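A.B. asks: Below is one structure. I have some questions about it.
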Amino acid sequence: MAEKLLEIRNLTTAFMSENGFVKATDRISLNIEKGQTLCLVGESGSGKSVTSLSIMRLIDYAGGSILEGNIRFNGDDLATKEQDQMRSIRGNKIAMIFQDPMSALNPVFTVGEQIAESLRLHQNKSHSEAWKEAIELLRLVGIPAPEMRAKQYPHELSGGMCQRVVIAVALACKPELLIADEPTTALDVTVQAQILELLMKLKEELGMAILLITHDMGVAAEVADHIAVMYAGSIVEQGTVEEIFSNPSHPYTVGLLQSIPGFEGKRGNELYTIKGTIPGLGNLPKGCRFNPRCPHVMDKCRQVEPGDIQIGAEHSTKCWLYEDKDRNGVSVSGGIGGNANG
Ligand SMILES: Nc1ncnc2c1ncn2[C@@H]1O[C@H](COP(=O)(O)OP(=O)(O)O)[C@@H](O)[C@H]1O
Ligand code: SF4
Ligand SMILES: [Mg+2]
């Protein structure tokens, strides 16, 4: 049994609005095991970034509050920590990288100085030690001629090279968990693949766990050990990458899979899109929150919200279609994955 690094239970994070609190995450539960990659997947606006900012407790600075739940990291609950305790966890045990590498780097310092600064801060290294190690980190993240590159400024490097530098800065503290929020969305496709490959290499070499946030199921297919699918603030399906791809259960997951170019379950050559749009947080439908867009909607779906239904050893779904399949850990084959056609 793998060892749990992060255990999120019933996490509800909300923002204050004119009409009271609106929940951006609604009782979500997730696990990340040591050295494993969890991909959190869902359309824009589903609450993925709010989830990552909650783990880092940066949500406090974005106007959000944790209303309920636990975020256990190595058994220690981050949800109730004071900010000065969080400061020693952020950038030390947990590091985060974002979509836009340029905004994460300081334009007036060389990239070598920025990595060395992180090393001095987190590991008390001397100037010369930190500089030497910064060059090694640039080498580790695949930057050619690192001695020369270390002396350059961010604007002298391409977007892909800058994202490698950002990853090097994050690695400077030897994190146990790296949270990467859409780290390749701003990059072109070839560079995107290279950065994902780098993240996987680092995961293997450093034994680091990764929470990778993406709206792209194709990306999750490449890198995930486990996948959690998020819709309108709720985790609607989760499982191992094999289970999600071979036996997708929730109609939303099936829609996401069918919108991957080249995915087998897709009809013809047209790119499938899930009809409709994600509801506003203050305006969720009654019952299942996916019901206005669901091709399989039933009367019950419009009345009662489904809870987690265990359909495999490590596979759960929130959908009434599987109500009679809840066998507490016994794997169910079939479902709608193979033949759902929206
Ligand atoms: N700072 C904020 N203030 C108020 N509401 C916010 C804020 N950040 C996010 N939200 C709400 O939370 C929802 C989910 O946002 P987010 O986590 O950024 O989505 P994702 O990363 O999945 O695209 C948004 O649609 C928005 O309604
Ligand atoms: S519960 Fe009903 S509306 Fe929701 S995803 Fe399942 S079938 Fe569709
Ligand atoms: Mg986001």
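A.B. asks: Return the only residue of Ile213, Ile179, Ile195 being within 21 Å of the chain's Cα centre (by Cα) and at pLDDT below 95.
C.D. replies: None of the others qualify; the one that does is Ile195.
A.B. asks: Which members of the range 165-181 meet the condition of being within 11 Å of Leu105 (Cβ to Cβ) and of a type outside the set (Val, Ile, Thr)?
C.D. replies: Ala168
A.B. asks: While we're looking at this one, here's another question. Would you check which residues across the range 137-163 are without any contact (Cβ under 8 Å) to a residue 40 or more places away in the chain, among the charged types (D, E, K, R) and touching a helix residue (DSSP H, G or I) at 6+ places or on another chain (Cβ under 7 Å) and list them?
C.D. replies: Across the range 137-163, the qualifying residues are Arg139, Glu147, Arg149.
A.B. asks: Here is a follow-up. Any residue at all in the range 35-51 that's of a type in the set (Lys, Arg), within 16 Å of ligand 1 (Cβ to nearest atom) and in a loop (DSSP other than H, G, I, E, B)?
C.D. replies: No, the range 35-51 has no match at all.
A.B. asks: Restricted to the range 167-186, and to residues that are in contact with a Lys or Arg (Cβ under 9 Å, 6 or more places away or on another chain) and within 12 Å of ligand 3 (Cβ to nearest atom), which residue is farthest from Ala116 (Cα to Cα)?
C.D. replies: It comes out as Glu182.
A.B. asks: Report the residue count in the range 57-72 for those that are under 16 Å from Ile210 (Cα atoms) and either within 16 Å of ligand 2 (Cβ to nearest atom) or open to solvent by 10 Å² or more (accessible area, probe 1.4 Å) (or both).
C.D. replies: Final tally of qualifying residues: 1.
A.B. asks: What is the one condition in (1) more than 25 Å from Asn31 (Cα to Cα); (2) open to solvent by 40 Å² or more (accessible area, probe 1.4 Å); (3) near ligand 2 (Cβ under 10 Å from one of its atoms) that Glu323 does not satisfy?
C.D. replies: Answer for Glu323: the failing condition is (1).
A.B. asks: Still on this structure, please answer the following. Please enumerate the residues belonging to the range 236-254 that are open to solvent by 10 Å² or more (accessible area, probe 1.4 Å), among the hydrophobic types (A, V, I, L, M, F, W, C) and touching an Asp or Glu at 6+ places or on another chain (Cβ under 9 Å).
C.D. replies: Within the range 236-254, Val241 is the sole residue that qualifies.
A.B. asks: Just one of (1) farther than 27 Å from Ile260 by Cβ; (2) touching a strand residue (DSSP E or B) at 6+ places or on another chain (Cβ under 9 Å); (3) open to solvent by 40 Å² or more (accessible area, probe 1.4 Å); (4) modelled with pLDDT of 95 or more trips up Thr12, so point out which.
C.D. replies: For Thr12, the failing item is (3).
A.B. asks: Separate question: Please go through the range 282-297 and give me each residue that is surrounded by fewer than 17 Cβ atoms within 10 Å (Cβ to Cβ) and among the polar types (S, T, N, Q), ordered by number.
C.D. replies: Across the range 282-297, the qualifying residue is only Asn283.
A.B. asks: Determine whether Ala79 is farther than 24 Å from Ala168 by Cα, part of a helix (DSSP H, G or I), open to solvent by less than 80 Å² (accessible area, probe 1.4 Å) and touching a residue at least 12 places away in the same chain (Cβ under 8 Å).
C.D. replies: Here the answer is yes, as Ala79 does meet what is asked.
A.B. asks: Among residues belonging to the range 255-281 that are among the hydroxyl-bearing types (Ser, Thr, Tyr) and at pLDDT 75 or above, point out the one that is least open to solvent (accessible area, probe 1.4 Å).
C.D. replies: Looking at residues that are among the hydroxyl-bearing types (Ser, Thr, Tyr) and at pLDDT 75 or above, I get Ser259.
A.B. asks: Looking only at residues that are under 21 Å from Cys162 (Cβ atoms) and assigned to a strand (DSSP E or B) in the range 189-215, which one is nearest to ligand 3 (Cβ to nearest atom)?
C.D. replies: My answer is Ile213.
A.B. asks: Scan Cys319, Cys294 and give me the residue that is in contact with a helix residue (DSSP H, G or I) (Cβ under 6 Å, 6 or more places away or on another chain) and modelled with pLDDT of 95 or more.
C.D. replies: Criteria check complete, one pass: Cys294.
A.B. asks: Also, I was wondering about something else. Please go through the range 117-132 and pick out each residue that is within 22 Å of Ile89 (Cβ to Cβ) and not in a loop (DSSP other than H, G, I, E, B).
C.D. replies: Hits for the range 117-132 are Glu117, Ser118, Leu119, Arg120, Leu121, His122, Gln123, Ala130.
The values are calculated or read from the model by the stated rules, or taken from the named source; none is laboratory data. What you see is a predicted model; the values in this text were computed from it and never measured. Glycine also receives a Cβ, built like all others from the backbone with ideal geometry; neighbour counts cover every protein chain displayed. Accessible surface is based on the protein model in full, side chains and every heavy atom, while ligands, DNA and RNA are left aside. Shrake-Rupley method; radii C 1.70, N 1.55, O 1.52, S 1.80 Å.
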